[in-house]
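The values are calculated or read from the model by the stated rules, or taken from the named source; none is laboratory data. All figures in this text were calculated on a predicted structure; none of them were measured in a lab. Glycine gets a Cβ as well: all are built from the backbone with ideal geometry, and neighbour counts include every protein chain shown.
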Amino acid sequence: MDHSRVPVLEALQEFRRRGDVVYGPPGHKQGLGADPRVVDIVGEGVFASDVLSLNGLDDRRESQGVLTQAEELMADAVGAEHAFFSTCGSSLSVKTAMLAVAGPGEKLLISRNAHKSVIAAVIVNGVEPVWVHPKFDTERHLAHPPEPDDVRRALQAHPDAKGMLLITPTDWGSCADVRGVAKVCHDHDVPLIVDEAWGAHLPFHPALPPWGMNAGADMVVTSVHKMGSAVEQSSVFHLQGDRVSPNVLKQREDLLGTTSSSSLVYATLDGWRRQMVQQGYDLLDAALRRAARIRQAVADMPGLRLMGPEVVEAGLTAQLDLLRITIDVRELGISGMQAAEWLRTHCHVDFGSSDTCRIGGQITHADNERTEKLFVDSLHRLVGHADTIEPQPPVQLPAPHALELEQAMLPRDAFFAKAEHVPAERAVGRIAAEMLSPYPPGVPVVAPGEVITAEVVDYLRSGVAAGMLIPDAADPTADTLRVTAQ
């Protein structure tokens, strides 16, 4: 295929060349009605490129096939049989992918270290989750993806499960044995869905962890805005084989997706695909070399503990994305949340992830010498000033087994059940009617339907006292919890 072509961008360019006037949405009419104060900040190009497909990029019959051509090029670029663009982010794409495999009341295996959007999908879709617990790294207090044997045991215990949802890479860069999990799923004749939101770059360099499509996954969802060059909310479904019907997937996407798709998302997805096909290897090669230099610098800093290939060598995870730089800061006597806030306040840098133990930053093809130096210099400053950061109360980190909560009700039933708010200490032994997700990274400690334990209450309350955010809780202070009514 001709990867110099960018159908969406070309259609947008032609629309702007013609100077069409649209008597339909969007109401700002390509910026004519936009507040100049807004234009001064976001730029004229944003509004000029905000066009509905049927009101400029294609005709009402979509006879030019602009979007279809762009999706076919994307599929070819990454070795998939089908690709579908989504403008609602992977949070919605994962919900759609799950619906394409399992319907209400049907079982689906799901990695328990899933993002809150996956738990939300369980609630919305009404599927019965069979949690496959991750491999817990006690030393780092960190969850790595489950292993093929974990999936095999779950499928043997639940032979009526319709498939498996695997999350890889994690927010911290550890990657699953996708090929091994895919073989287990296919031995049981069920599809493997991979939530590869952090892995859009993986198809384009051999030194990166294996790409889900190449490793045998049936469906892969990526967030191109995370590690790629598309704007926020850009997501792509990738599909191969016959275990998931592309027609069913399209129908489910139509059920959940927007009817006002953003041309900005489509155009930047299209352009990113061309960039990666033509320049991706060289760009990612430079990023990997840059990340290696940063890693070496971090490894030499006292008080910082870098997560590196040792987790693979120890058998804790199958692969590690070396562009994700995960740094434990506890030896500095501070939490990851404190480190992230200090770096933002004093160095004007934002690390994408932080929790009680660590901070995490990503290096992409967009980084340069300036951002590389800033990354290293900012961490040097943090190390030098850590003793000036006021200590916070210790967080009561639960043991691994304490995070494997009993599922007493289906998440959907518990979420919509009659509920009440009770003091946190009185919630022990009760069934949660809400998600409780420390953020970032946004993995629920408690899902609706799970039985709340004393260890979890201590963790959440001590975490909030130390600066943890729980934005999806009805009471973000965790003084009270929402539980099903007795």
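Points to keep in mind about this one:
- Residues that are closer than 16 Å to D328 by Cβ and part of a helix (DSSP H, G or I) within the stretch 339-382 comprise A339, A340, W342, L343, L379, L382, listed in sequence order.
- Check on L316, within 22 Å of the chain's Cα centre (by Cα), under 22 Å from H144 (Cβ atoms) and buried (at least 18 other Cβ atoms within 10 Å of the Cβ): yes
- Residues (out of contact with any strand residue (DSSP E or B) (no Cβ under 7 Å at 6 or more places or on another chain) and farther than 21 Å from S263 by Cβ) located in the stretch 229-251: Q240, G241, D242, R243, S245, N247, V248, Q251
- Some residue of the stretch 380-391 being under 28 Å from P134 (Cβ atoms), in contact (Cβ under 8 Å) with a residue 12 or more places away in the chain and in contact with a helix residue (DSSP H, G or I) (Cβ under 8 Å, 6 or more places away or on another chain): no
- Residue within the stretch 233-254 that is part of a loop (DSSP other than H, G, I, E, B), modelled with pLDDT of 95 or more, surrounded by 24 or more Cβ atoms within 10 Å (Cβ to Cβ) and among the small types (G, A, S) present: no
For (1) within 27 Å of Q275 (Cα to Cα); (2) among the small types (G, A, S); (3) in contact (Cβ under 8 Å) with a residue 40 or more places away in the chain; (4) crowded, with 17+ Cβ neighbours inside 10 Å, each residue gets a yes or a no:
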residue	(1), (2), (3), (4)
H3	yes, no, yes, no
V6	yes, no, yes, yes
P26	no, no, no, yes
Q30	yes, no, no, yes
V51	yes, no, yes, yes
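- Being among the hydroxyl-bearing types (S, T, Y), within 26 Å of H365 (Cα to Cα) and assigned to a strand (DSSP E or B) is not true of T268.
- The residues of the stretch 283-313 that are acidic (D, E) and over 25 Å from the mean Cα position of the chain (by Cα), listed by number, are D300, E313.
- Tally, over the stretch 80-124, of residues that are outside any helix (DSSP H, G or I) and of a type in the set (D, E, K, R): 4
- Residue in the stretch 120-140 that is touching a His at 6+ places or on another chain (Cβ under 8 Å), of a type in the set (A, V, I, L, M, F, W, C) and crowded, with 23+ Cβ neighbours inside 10 Å present: no
- Within the stretch 171-191, the set of residues being in a loop (DSSP other than H, G, I, E, B), out of contact with any helix residue (DSSP H, G or I) (no Cβ under 8 Å at 6 or more places or on another chain), crowded, with 22+ Cβ neighbours inside 10 Å and at pLDDT 95 or above comprises W172, G173, A176.
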